[in-house]
Each structure stands twice: as structure tokens, then as C-alpha cells.
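Structure, as C-alpha cells:
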Amino acid sequence: MIRNFAVVGPGHATRERLTTALAAAPDMAVYRIGRGADPLPVSASFDPADQSGCRSLLDWFERGAPSGAVLLVDDWELCAGLDPELVTTVDWIAAFGPPRGVQVVVTARKWASLPDLLRRHLHGEATDFLALHGIEADLTGINQRDLKAAIGSDARGWPVYLDVTTCGSCAGPAAQREQLLLAALLGLMATHSSQHLNLALFDMKNIGVFDGLDAAPHVALALTGEDDDETLERFRDGLTAEVARRREHTGEPLPALLVCIDSAEVLLERVPGYQGVLGLLTAGRALGLHVLFSGDTFPVSHPPAWPSAIPPHDLEEWADVLPGSLVGTGPPAHEPALPPLPQDLTLDTLPPGGIGVLDLPLEQRREVLFPGFTDQPKHGAIVGKAGTGKTTTLRTLAALLGDDLARFQFLDGPGEPLDLQRHIIVTAYNWDQVPPFIRENLAFGIEFRLEDPSTSLVDAELAAEVPDLPGFCLSVPHGLHAQIARP
């Protein structure tokens, strides 16, 4: 069957495709309108600026060129720019030529170059991933704002687009949905700057659906089912904070955040608190927040159908290349949550006067912890089970105080007389061992892991979350997780 074609892509790619097609049909006589020498085996070539020559060729095709003749309009944008009537003429030849065995082939660098009038008679063919998305090899043209991208081609070869603001679910076997999601996310990355789009990726069954994508500047977080509960909880809090941040900055052009969760049921089973967070995210489109669920089955009752499309032939190659190639094309994604507190914090890494770091995940930031001794409040207490870092904290505090150390009395455990004229800092296994006058006048309180979290002075639930590791604690009275530096 004779078909008219639009071959879209960079010059070298369209040449390769046409060379292959002509080699398979040696009896075709190709008449080309295009500029410059061409390696294709053509019967004749006319420069588009040669108006009389081109007109004679087009008249010949309109009058009835013999079967097997091919009209090749090579670089549509160039040729149509020199002949405004070209679209009408080629449209006529494309409409009536195939029944006579006459074919029209058009090359273009981008889909947008081809007029709708002509498209109805052409089968499209993107030569590669970049051609499908209408961008150049130097990755220019990645500044779209709507959340739509081509995910492949339809039966006629024209691009099929997915709009993630209207299609929130992708279901199917792991290998199938991996291909679907890969096409969608790579397409979004290729056409949207990280200035306009950020991604949060959850692969909860570890099928590798998002592997390698985190190299792109668009990716704010990439978690899998192998991450521990503490990490998942941190990002739960971070996403909650992201909703609050966007509510506070509604007038600012923040990038859209697309949260992609594969096998959400696993995430909700491990950290039930995500149920409320996902509710906030799915209701946050006005804030630029969008959620894309994927899994073996649809997690919602009547999801919009995922468009059917044939992915570009070199999708897997671009999956390996594209994320890293995008580094530097836009700013790094805003991180909704910082990584867990470090285990190797030392005093020399902090500003003068700081003894540790406060963790504020609901504000997406950290602060330096300062002891804050004054006349009122005056004293300090360091509480925790054995081996949590109480004595080390006293040494850190002594190094921090320096020449002011004489104004302080350090008591590493009970049993010494108290000098009420000085600031007193005591260590204890629990708060009952701390004298009431110190508890009521705390300028500096540290609660490491307790033998019994229910005895916490801060909060029993928070106390149970404190890692059983030296230096990790809750700060009193802030009630925040903190890390104390080593001296």
C-alpha cells in the first residue's frame, strides 16, 4: 500500500531513514525539492529558490506523474518559507497521488513545522526520541510549562501526548508499566526544565522502574522499598512541609512537583501516616502538586485511561543517557527533606558557640543548637541510658566554653555537693535523677535515648524515635531531634 510520510528529526537521522527505505524499493524514482547536495539516490533535485524549476516539477506531479514516482520535500520549513503556496499543492498531490502509485515524503526537524492541512494525508515517523519530542541534540527547547509530553506514537506515527494533570494512574505488569512510566518521565524531563518541574520518586517494590532517573536535576528524592522507616518518615514530614511552604508562597513561581509512587499500598502499610500526606498532595493541584500512582492494579475506582502509544525505538538508550545529560540545564530540585542527621558531626564544623544541630523537617531546614546559658534560665541536664554520649557531651561543652569554664560546675552523675553560685550541668540516666531546681531552670537540656521512653520530659513518642546511638537526642525545651557534636 502506498503511503505518504513525514519523517521528522535531525538531518542525519532522516537521511539514514530515507536511505534504508529507498534501498528497500529500488524501483522508486525520487524527485527532490531541497537545498544543497544530497547523498540520496534521487532522479533530480531542485533548489527551493528555483521557483520555475520547482513549479514545473509540481505541475508534473499534479498532472499525473507515473506510478513509482516520489515527491520528496526535503526540509519543509525551508521549502515552505520560499514558496507560500507549497502547502496547498503538496496537500493536493498527497491526497490524490497514492491511488495512482505516487507518493509524497516530507522531512522536517520538528512536528510543529508541519501544517495541519498536510498532516491529515501523512503518516508520521519520528527518527528518534529527540525527534518525537521536537528538541535538538543540545537539549534546547526544554522550557515547557504545561505538564504534557509525548510518550510515543499512534498507529499513524504521530505523537501521543500524556498530560499528568489529568491522568493520575498507570497500571499493568511490572515490565509493561516500567516502559510506560519511563517514556512519560523521560519525555517530561526532555521538554521541561527543572526550574519548572521537580519529581519525587517512590519505587516501593524495588522493580527498578525509576533507576537512573535521579541523576537528572529534576529529581528531588528517589526512594525504594529498601529504605528504612526513618527515611520514609523523614520524607513524609518533608512532603507535608512542602505543602505548607507552597501555601505560604502562592505568589511565587515555584516549580510543579510530580510525586510518582509505584505500589502505594506498600508505602501506606509501612508508614500509615502517608495516607494524610497523599490526601494533601492530590488536593494540591492549585499549589502545583500532582501525584502519579502506578502498580499492578489501579489504586482508584475509575482512573483516566493511559494513552496507548508505541514508545520511541531508542527509549532505553535515552534512559541511560538523558538524566545525566540534563545536569546543568536547570537548577537542582528543591529537596523537601534533608538526609538524616550525620553520625560524624564535630565541633569544628559548627559556627562559634554551637554545640550541635537541630533538625526541623517540617520546615525543611536545620539550625545550629546553642546552649543559651543566662542568669535565668541557668542550668543544664544531659539525660540518657548508658553509652548514649552524656560524658562526651560534657567534654564538648567544656571545649566550647573555653575561658568561661570556671563559671560552670559539671557533675557527671549524682553524688557531689552543688555550687548554686555557678551554672550547674548534670548527667543522669533519667529525669527523676535530675534535681527539681535544675529541671525547672533549664538553659540547656539534652535527652538521649532513654531506657523507658515513656519517662521523657519532651514526648514519649518522639523519645521512642531517638536512635540508640551516641550523640542523637531530643533538645529541651525545643522538643526537636538533634545531633550533638564531638569535641
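Counting only protein heavy atoms and using a 1.4 Å probe, the accessible area of K110 comes to about 80 Å².
Accessible surface of the chain, 1.4 Å probe: 53 percent of it comes from carbon and sulfur atoms.
If R0 is taken as 22 Å, the Cβ-Cβ distance between K110 and Y161 corresponds to a FRET efficiency of 0.90. The range 8-23 and the range 388-449 have Cα centres spaced 78 Å apart. Residues within the reach of a label modelled at A25 (point 7 angstrom out along Cα to beta-carbon, backbone nitrogen below 20 Å), restricted to the range 66-80, are 66-76. Here the Debye sum runs over all C-alpha atoms of the range 366-434 as equal scatterers in vacuum, and log10 of I(q)/I(0) at q = 0.14, 0.29 Å⁻¹ comes out as -0.43, -1.50. Net length available on complete extension from F96 to D320 is 76.3 nm, with 0.36 nm assigned per residue and the Cα-Cα distance removed. Report summary: the helix-based calculation at 222 nm, which adds -39500 (n - 2.57) for every DSSP H run with n ≥ 4 and divides by the residues of the chain, gives -8500 deg cm²/dmol. Taking label points 7 Å from Cα along the Cα-to-Cβ direction, D468 and D296 give a separation of 3.5 nm. The lysines whose alpha-carbon is closer than 21 Å to the alpha-carbon of K378, local same-chain residues fewer than 8 away aside, are K390. Sites count as exposed loop sites when they are GluC sites (Glu not before Pro), lie in a DSSP loop, and have at most 15 other Cβ atoms within 10 angstrom; the longest stretch of the chain without one is 227-439.
Positive contributions from Lys and Arg (+1) and negative ones from Asp and Glu (-1), summed over other residues with Cβ under 13 Å from the Cβ of L289, come out at +3.
Between H12 and Q421, the simple label model (points 7 Å from Cα in the Cβ direction) yields a spacing of 8.5 nm.
Distance between the pseudo-spin-label points of A137 and A460 (7 Å out from Cα toward the beta carbon): 6.7 nm. Computed with every protein chain present, the accessible area of V327 is close to 90 Å² [probe 1.4 Å]. Multiplying the residue separation of T349 and N430 by 0.36 nm and removing their Cα-Cα distance gives an extension gain of 26.2 nm. If you fit an axis through the alpha-carbon atoms of helix 390-401 and take the longest principal axis of the Cα set of the chain, what angle between them do you get, 0 to 90°, nearest 10? Helix 390-401 sits roughly 90 degrees off the main axis of the chain.
The values are calculated or read from the model by the stated rules, or taken from the named source; none is laboratory data. Here the structure is a predicted model, which means the values were calculated and not measured. Quick reminder, even Gly has a Cβ in these numbers, built from the backbone with ideal geometry, and neighbours come from all protein chains shown. When the accessible area is computed, the model is the full protein with side chains, heavy atoms only, and any ligands, DNA or RNA have been set aside. Shrake-Rupley method; radii C 1.70, N 1.55, O 1.52, S 1.80 Å.
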